[in-house]
Amino acid sequence: MMLKRLIEISRPVLWVNTIGTTITGMWLAGFLWNWDIVPILIWVTFPMNILIYGINDIFDQETDNINARKGGYEGAHIFPNEVKPIWVAVIVTNVPFLAYFALTLPLAATLWMLTYALFFTFYSAPPLRFKARKYLDALSNTDYAFPLAFVPLALGVAPLWLAVTGLMAWSIAKHAYDAIQDIPQDSDTGIVTTAVHLGPKNTAIWATFWWGVSTVLFALVNIPVAIVNAAIAGLLVYGIFKTPTPEKAHDLYKYSIAFPYIAGAVAGVQLVTGLVLGIYP
């Protein structure tokens, strides 16, 4: 039962953000499949996601308890007696992987992986707690793009840096946009996120800028992905410009969750086709 609960806390619906970028990193490196990716791929499933969302739930209990959207696929309500099992799960499932990577992978890949884990840890955990620091909360979410760097490096290939930086910009935008729906709860508990600081409409402007940057960078790599990115981002920010409220942001959140699935599918189909036909890389 505890395992089932821990999996729930790890938010499987959001695993696409770690698994998808890891697979894409392999494809961008020029491999349709490479067995060397298996340990990394296992790590970015439950282990990395219990680290991301388990630690987040531990340190967000105050806000989560007054947040009506928590308690389902958007995040769990945890109980005090679950804190220790979550920490145990985080340590037991992540430390062995990081140790293995340090012993077997190139130093550059290992450093990116360690930074990946640390950024996600201190997004929620004190003393850094990036999520409670305006602008740093969004900027720290560039770590969602790190697999596009460390996977190629682990496989002995130089990363496609335009794709890495494009996804970094995309992640900054999406984090700030998604936080609009949490403005009342974060504000009530003294958490000053970018969204709390700017308000709904100005946060939409901030997100528009970063999604615009990501679209330009993606266009230098792949036009179809850039078009899909601009279209979905445009629809999301239009909704907030039209009705600049946290409630509207919550209504649009399901489309925001679908965003990486759709954009990732467009990128993935092209990469797989190119690899199979021998026209990429």
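Throughout, read-outs are computed from the coordinates displayed, never taken from laboratory work. As the structure is a computational prediction, the values presented were derived from the model and not from experiment. Cβ: placed from backbone, ideal geometry, glycine included. Neighbour counts: every protein chain shown.
So, R0 is 45 Å and r is the distance between the beta-carbons of residue 280 and residue 188; what FRET efficiency does that work out to, to 0.05?
Numbers: r = 50 Å, r/R0 = 1.10.
For R0 = 45 Å, the calculated efficiency reads 0.35.
Extension gain residue 235-residue 269, at 0.36 nm per residue separation less the Cα-Cα distance, in nm? The partial results should precede the final answer.
On the way: separation 34, 0.36 × 34 = 12.24 nm, distance 2.31 nm.
Length gained between residue 235 and residue 269: 9.9 nm.
In nanometres, what is the gap between the two model label sites at residue 111 and residue 243, each 7 Å from Cα along Cα-to-Cβ?
So the label points at residue 111 and residue 243 sit 4.8 nm apart.
How far apart, in nanometres, would the label points at residue 61 and residue 2 be if each is projected 7 angstrom from Cα along the Cα-to-Cβ direction?
Label at residue 61, label at residue 2, 1.7 nm between them.
How far apart, in nm, are two points set 7 Å out from the Cα along the Cα-to-Cβ line at residue 254 and at residue 202?
Calculated label separation equals 3.2 nm.
Of the peptides 256-266, 128-138, how do they stack up when ordered by the mean number of other Cβ atoms within 10 Å, highest first? Walk me through the numbers on the way to the answer.
Working: 256-266: 16.6, 128-138: 19.5.
Going from most to least packed, we get 128-138, 256-266.
Taking the mean number of other Cβ atoms within 10 Å as a proxy for protection, how do you rank 23-31, 158-166 from highest to lowest? Each step should come with its number before you reach the end.
Values: 23-31: 21.7, 158-166: 19.0.
Output ranking for 23-31, 158-166: 23-31, 158-166.
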